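**Q** Sending over a structure as structure tokens; questions will come in a sec.
The values are calculated or read from the model by the stated rules, or taken from the named source; none is laboratory data. Predicted model only: the values in this text are computed from it and were never measured. For neighbour counting, all protein chains shown are included, and Cβ atoms are generated from backbone atoms with ideal geometry for every residue, glycine included. In case anyone asks, the SASA skips ligands and DNA or RNA and just uses the protein heavy atoms, side chains included. Shrake-Rupley method; radii C 1.70, N 1.55, O 1.52, S 1.80 Å.
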Amino acid sequence: MATPHAPLDPALLPDGIRSRFVQNVNGLTVHFLEAGTHGRPCLLLLHGFPEIAYSWRRVMPALADAGYYVVAPDLRGYGRTTGWVADYDSDLAPWRPVNLARDAVGLVFALGYRSVAAVIGHDFGSPVAAWSTLIRPDIFRSVALMSAPFPGPPSVPFDTLNIPPSVPPENINVALARLQRPRKHYHHYFARRQANEELMNAPQGLHDFLRAYYHYKSGDWTRNDPHPIAGWTAEALAEIPTYYIMDRDRTMPETVAPEMPTAAEIAANAWLPDAALAVYTQEYRRNGFQGGLQWYRVTTTGRYAGEMELFTGRTIDVPSLFLSGKRDWGVHQTPGALERMRTVACTRMTICELVDGSGHWPQQENPEATVALLLRFLKEQQAN
């Protein structure tokens, strides 16, 4: 279980960003970073895995300078937020989508707001932002999704009285394991009991594991050349790099180790210098990864899919944006999700753009372009 912590050292934060706590948020004491003046229109920024609120540090000051009160929390299971319990045998219910949306609503209200100008979610923060908006569009007046397209709620089988149900597809990991080069899906790797221990005890050390992981998924890894794939088949998925479709018999630390950047590349990295990476290392060394891994376990078990079928047919009808990097395989890792988001799930998507040169971490790799797109999106709403 996480224990109370001090705020993040101001010396680690860019000018204008403050580290604070707020209590009684759906059972949590939430650590959050803030920039700008309270009372101005609020932007809520939700991070992904393996990240923390600190991942938004490069965009927060510019968004605040544009007139917004910008808030980035450590989400349930991460960083300095407390009140959660995460071991492999603990209850998964706190990590189901409805409760994560409840966390977002609780934080907004705890901060003294009835609504926010936009909720902005990256990676696993993207579905949290999407579900929060779909369920409570009165609170989340617009939504920006980053790196992870939202395909909409699951469908309830329709007219099964007259149309026989289709045969369930083969388990994708069984199919991946049969390939000539046996593979496995990273969601299922992260859902295993051993995953947290393997990440924490990475042979190269935790800091170097995180360095290689961020590098491999970034635009700096020049072989990231994503494209749409044919479908949800083992053969099509095998086109995706091994940080998503892993070799069957390798751990994630073993997977990313060969892609470790050189000392010269690390020294030249302006978006994630070693001093910044050390903040992530410190937080994960203290907490472990299981809080974040619980999110994958909810996804892979399907345990709460039935609950989410309650929203079948519902769409996100507030203004929406999607952005990612042109070198981000996250855009295409689920075949059809991007197109379904644009044509079905989000009825008012005004911007869908990919940032040149960036990979999976656009708010860190190219904060200028990310801020420009977000402000263009927000300005469009003000004009309407």
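**Q** Hey, how much of the P(r) for the range 221-264 falls beyond 17 Å, as a percent of Cα pairs? Don't jump to the answer; show the numbers that get you there.
**A** Numbers: 396 of 946 pairs.
Every Cα pair in the range 221-264 considered, those over 17 Å come to 42 percent.
**Q** Normalised by the empirical 2.2 N^0.38 Å for globular proteins, what value does the Cα Rg of the range 297-376 take?
**A** Numbers: Rg = 14.8 Å, N = 80, 2.2 N^0.38 = 11.6 Å.
Cα Rg divided by the expected 2.2 N^0.38 Å: 1.27.
**Q** Ok, one more. When you count, for each residue, the other Cβ atoms within 10 Å and take the mean per peptide, how do 260-270, 146-156 rank with the highest first? Intermediate values should be presented prior to the final figure.
**A** On the way: 260-270: 12.5, 146-156: 21.0.
Highest to lowest by the protection proxy: 146-156, 260-270.
**Q** Show me the three semi-axes of the equivalent ellipsoid for the chain, from the C-alpha gyration tensor (sqrt of 5 times each eigenvalue), largest first, rounded to whole Å. Numbers along the way, then the final one.
**A** On the way: eigenvalues 166, 140, 91 Å².
After diagonalising the Cα gyration tensor, the semi-axes are 29, 26, 21 Å.
**Q** When all protein chains stay in place, what accessible area (Å², nearest 10, 1.4 Å probe) is found for K326?
**A** K326 exposes around 110 Å² with every protein chain in place.
**Q** Further question on the same structure: Of the heavy-atom accessible surface of the range 263-315 (probe 1.4 angstrom), what whole percent is carbon and sulfur?
**A** Numbers: 1310 of 2360 Å².
With neighbouring chains kept in place, the figure for the range 263-315 is 56 percent.
**Q** Gain in length, A236 to Q381, computed as 0.36 nm per residue apart minus the alpha-carbon separation, to one decimal in nm? Don't jump to the answer; show the numbers that get you there.
**A** On the way: separation 145, 0.36 × 145 = 52.20 nm, distance 3.87 nm.
Gain on stretching A236 to Q381: 48.3 nm.
**Q** Still on this structure, I have one more. Any chance you could run the full-extension gain for D15 through T160? It's 0.36 nm times the residue separation minus the Cα-Cα distance, nm to one decimal. Each step should come with its number before you reach the end.
**A** Values: separation 145, 0.36 × 145 = 52.20 nm, distance 5.89 nm.
Gain on stretching D15 to T160: 46.3 nm.
**Q** Take the chain, connect every pair of alpha-carbon atoms lying under 10 Å apart with a spring to form a Gaussian network, then pick out the residue of Y243, Y78, Y54 with the largest mean-square fluctuation.
**A** So, out of Y243, Y78, Y54, the one fluctuating most is Y243.
**Q** Hey, which lysines would be in cross-link range of K184, C-alpha to C-alpha under 29 Å, not counting anything within fewer than 8 residues on its own chain?
**A** K217, K326
**Q** Let me ask something else about it. Please name which of V85, V70, G125 has its Cα lying farthest along the dipole of the range 1-142 towards the positive end, using unit charges on Cβ (Lys, Arg +1; Asp, Glu -1) and the Cα centre as origin.
**A** V70
**Q** For the chain, what proportion of DSSP beta bridges, expressed in % and rounded to the nearest 5, is antiparallel?
**A** Close to 40 percent.
**Q** Averaged per residue, what accessible surface does the chain expose to a 1.4 Å probe, in Å²? List each step's numbers first, then the result.
**A** Values: 16040 Å² over 384 residues.
About 42 Å² of surface per residue is accessible.
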